[in-house]
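A quick write-up on the structure given underneath.
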Amino acid sequence: MEYVSVDKEICCVANLIRKEFDNLVFGSVYSEERITRMNIWIIDYIYDKKGEDVFQKDIERKMSITRSTASKIIDLMVQKKLVERSAVGYDARLKKLTLTPKALKLRDEMEKNSKKVYEKVMAGFSEEEEQLLLSYILRIKGNMDSGA
């Protein structure tokens with residue numbers, strides 16, 4: 001079997017998916033507002049945690065970014081009126097992050113575009129193949145996260 005650089009192939013596939021998503025999303029009205037991919041991921045994360053308090057440290061952990069990077073991104077998201085910081089009654093040091101109506105509208109649009117990209121990516125795959133591919137990707141991610 002011919003040697004294939006798995007890391008390069010994964011990078012190429014990620015780039016192709018990113019380009020497809022960017023063409024759908026960042027060609028929209030939100031391109032002028034400088035909404036970034038990380039903004040979208042953070043909005044999705046907070047949305048998925050409905051009913052739970054989400055803090056900057058959660059974003060740092062989930063996105064594998066440093067404290068200073070998370071702080072800068074969240075500050076910009078506050079300026080763009082995508083998230084709000086608010087105090088919690090049980091710890092004056094903590095500020096929870098909540099989505100604004102603008103972010104919720106953006107998330108709905110992104111969800112539609114994500115489905116279009118997913119359908120294109122998975123065209124021709126059976127449900128079993130999709131699950132297998134996902135299991136491989138998650139295993140690779142676990143290998144890299146654990147330093148294996």
- Message: Ignoring everything except DSSP H segments at least 4 long, calculate the 222 nm mean residue ellipticity for the chain; use -39,500 (n - 2.57) per segment, divide by total residues, nearest 500.
- Response: -21000 deg cm²/dmol
- Message: Ranking request for peptides 86-98, 2-14: highest mean number of other beta-carbon atoms within 10 Å first, then the rest in descending order.
- Response: 86-98, 2-14
- Message: Which entries of LYS57/LYS102; LYS95/LYS116; LYS116/LYS141 have Cα-Cα distances beyond 31 Å here?
- Response: LYS95/LYS116
- Task: Give the long-range amide H neighbours of LEU94: residues separated by 5 or more places, or on another chain, with amide H under 5 Å away, using H modelled in the peptide plane at 1.01 Å from N.
- Result: VAL88
- Peptides 66-78, 126-138 ordered by average Cβ neighbours within 10 Å, highest first: 66-78, 126-138
- Item | Using a Förster distance of 25 Å, the FRET efficiency for MET122-LYS102 (Cβ separation, nearest 0.05) | 0.25
- Note on the structure: Checking rank on 45-53, 100-108, with mean other Cβ inside 10 Å and highest first, the result is 100-108, 45-53
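Only the coordinates and a few stated rules stand behind these numbers; no lab work does. No experiment lies behind these values; they were computed from the predicted model shown. FYI the Cβ positions are ideal-geometry reconstructions off the backbone, even for glycines, and counts take in every protein chain you see.
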